[in-house]
Amino acid sequence: MTAGLFPVKQFLSAKEYLELEQTSGEKYAFYNGSISKMAGASINHNRIARNVLVFLSKALVENPSFEVFGSDQKIYLPKFNFYLYPDALVVAETPVLSEMDTQAITNPVLIVEVLFSSSERYDRGQKFVEYQSIPSFKEYLLIRQDAPEVFGFYLEAVQQWRSINIAQLDQAILLQSVGVSLPMTAIYDKVNW
C-alpha cells in the first residue's frame, strides 16, 4: 500500500501515522496501527456536511461556550488509540487536545456523520460504541445522503442512550447536547435524490 510517494507499512505506530499525515498532506483514519485513507465524498455528502456545519455555526454564534468544527478536524479516542475524522463535531468550552497530536480534539459533545452505504453498518454499530469511550460525548447524529432520514442518539443518563429517527422534511431534530433544533430542510438544502 502506498500513500502518494510515501510507502506505508501494514502497521504504524501513532507517531509514524502522525508523521505520515504531516508529510503527505493526506488524511487517514488511524485504528491502533492500521490506517485507512479518507476517500472523497459525493456531492450530496458534501452538501449535507456543509449544511449542518453552516447551520450549527450560525445557531451557536450567540453561545460562545460551543465551537463547531468540520470534516478536516481530527478527533482522538485514547481508549482505542484511534484518530478519526467525523463530518462535523461540536466542542463545549475549550477544545482539549491529544498529547501526541495537538491537532486532534479529545472532547467532542456532538459528533455528526453523513452515512456512506459502505460504512453505514460500522457507523451505526461499532463506531458508535467506540465514540462512547469519550467522556464528553453526549450526542451522535447519523444522516443519510440517499434519502431524507436522520438517526439521532443522545445520552439520557449514565450509559443510557435514547434514539430518535426523523424521516419527514417538514420536521426537525432537537440536538439535546447544544440546545438547538435542526430542521430537516436545513440539512437537505440543495440535496438531490
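Debye-formula intensities of the stretch 12-73, expressed as log10 I(q)/I(0) at q = 0.20 Å⁻¹, are -0.85 (one equal scatterer per alpha-carbon, no solvent).
Per residue, the Cα convex hull of the stretch 49-122 amounts to 94 Å³.
Given +1 at the Cβ of Lys and Arg, -1 at the Cβ of Asp and Glu and no other charges, the dipole of the stretch 41-187 around its Cα centre is 180 debye to the nearest 20.
Extending 7 Å from Cα along the Cβ direction at MET100 and again at ALA29 yields two label points whose distance is 1.7 nm.
Simple spin-label estimate for ALA41 and GLN159 gives 3.3 nm between the two label positions (7 Å along the Cα-to-Cβ direction from each Cα). Find, among the trypsin sites (Lys or Arg not before Pro) in the stretch 45-144, those assigned to loop by DSSP (not H, G, I, E, B) with at most 14 other beta-carbon atoms within 10 angstrom. Qualifying residues, ordered by number: LYS79.
Please give the helix 14-24 orientation as an angle from the longest Cα principal axis of the chain, in degrees from 0 to 90, rounded to the nearest 10. With both axes taken from Cα atoms, the answer is about 80 degrees. Rg over Rh for the chain works out to 0.96, both radii taken from alpha-carbon positions and Rh defined as the Kirkwood radius.
Bear in mind these aren't lab numbers, they're just calculated from the coordinates by the rules spelled out. Please read all numbers here as calculations on a predicted model, not as lab measurements. Positions of Cβ are generated from backbone atoms using ideal geometry, with glycine treated the same way; all protein chains shown enter the neighbour counts.
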